[in-house]
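Just so it is clear, none of the values below were taken in a lab; they were calculated from the coordinates. In this text, all values refer to a predicted model and were calculated from it rather than measured experimentally. For neighbour counting, all protein chains shown are included, and Cβ atoms are generated from backbone atoms with ideal geometry for every residue, glycine included.
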Amino acid sequence: MANDNQNLEKLAVAKAAIKFVKNNDVVGLGTGSTATIAIKELAKLMVNGLKIIGVPSSEATKELAASLGIPLLELGKVNSIDISIDGADEFTENFELIKGGGGALFREKIVASLSKNRIIITDSSKKVNNLGAFKVPIEVLPTAYQYVVDQLEKLEGSVTLRYKDDKIFITDNLNYIVDVDFGLIDYPEKLGVALNQIDGILAHGIFIKLTTTILMAKDGNVITYSKKQIEEN
Ligand SMILES: O=C[C@H](O)[C@H](O)[C@H](O)COP(=O)(O)O
């Protein structure tokens, strides 16, 4: 079954990713189903003696990591992270990502920005030639909502306010998420720059130059895409 296969793929990349973690590392802990598997695998290594300090990228991850006994530092109090492990909703071989399917994009972006080694783990369903089949999640301050929607429509985005259980989805930072369909995105970096200029957007889910390694599981293998060096923003 497709889902069982996807779960096996997620486990394979999670196991591959934690091999990059060294003793005493400060580790950025991502959010979502794939990152969750990696966090559980890390906790197993800790039982066998690995010492790490985690920096969670969401309240859900904080709760999970704390329940597994992983010592934590608050994101707002760190200025450097050795390695981060996180999932993605889409990626290209050019290391362009869409993230934020779980609504954690803002803190995930800060975690990635602070990290020296940025590892993304995915199953094979996430690889695309062009970003954009997955709508771009954007975190919006509620007081700027209508203004931001108008600006996004000027960029030819089709905007949907995210709901969960019949209520507006509220992020860990007490904001809204809009999921924006821009069609297939030819120039993700350019779109990211345009989104950065809209007042009222806290963060968008286009991640450029924020990844050093992508581990993707496919047909029982883990495929590694590596950047030779971190490109600075
Ligand atoms: O906000 C959520 C994150 O960006 C996740 O990393 C992303 O949605 C992928 O999640 P999953 O591993 O569950 O597919």
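Brief remarks follow.
- Percentage, to the nearest whole number, of Cα pairs in region 172-213 over 13 Å apart: 62
- Å³ per residue enclosed by the Cα convex hull of the chain: 131
- Computed from the C-alpha gyration tensor, the three semi-axes of the ellipsoid equivalent to region 58-148 are 23, 19, 13 Å, from longest to shortest.
- Backbone HN-Hα couplings from phi across region 156-165 [Karplus 6.51/-1.76/1.60, Hz, Gly and Pro as x]: 6, x, 9, 9, 10, 6, 7, 10, 9, 6
- Here the 3J(HN,Hα) profile of region 63-79, calculated from phi with Karplus coefficients 6.51, -1.76 and 1.60 at θ = phi - 60°, is 5, 4, 5, 4, 5, 8, x, 7, x, 10, 10, 6, 3, x, 10, 10, 10 Hz, Gly and Pro shown as x.
- Computed packing ranks the peptides 76-82, 160-166 as 76-82, 160-166, most packed first, by mean other Cβ atoms within 10 Å.
- Distribution of pairwise C-alpha distances over region 1-115, 10 Å bins, in %: 14, 49, 32, 5, 0
- Cut-off under 5 Å, modelled amide H: who pairs with Gly87 long-range: Thr31, Ala35, Ile121
- Counting only the Cα atoms, region 136-204 fills a convex hull of 83 Å³ per residue.
- Coupling constants for region 123-135 follow from the phi torsions by the Karplus curve (6.51 cos²θ - 1.76 cosθ + 1.60, θ = phi - 60°), and in residue order they are 8, 6, 6, 8, 7, 9, 7, 10, 5, x, 5, 8, 5 Hz; glycine and proline get x.
- Relative contact order of region 136-204: 48 percent, from C-alpha pairs under 8 Å at least 6 residues apart in sequence.
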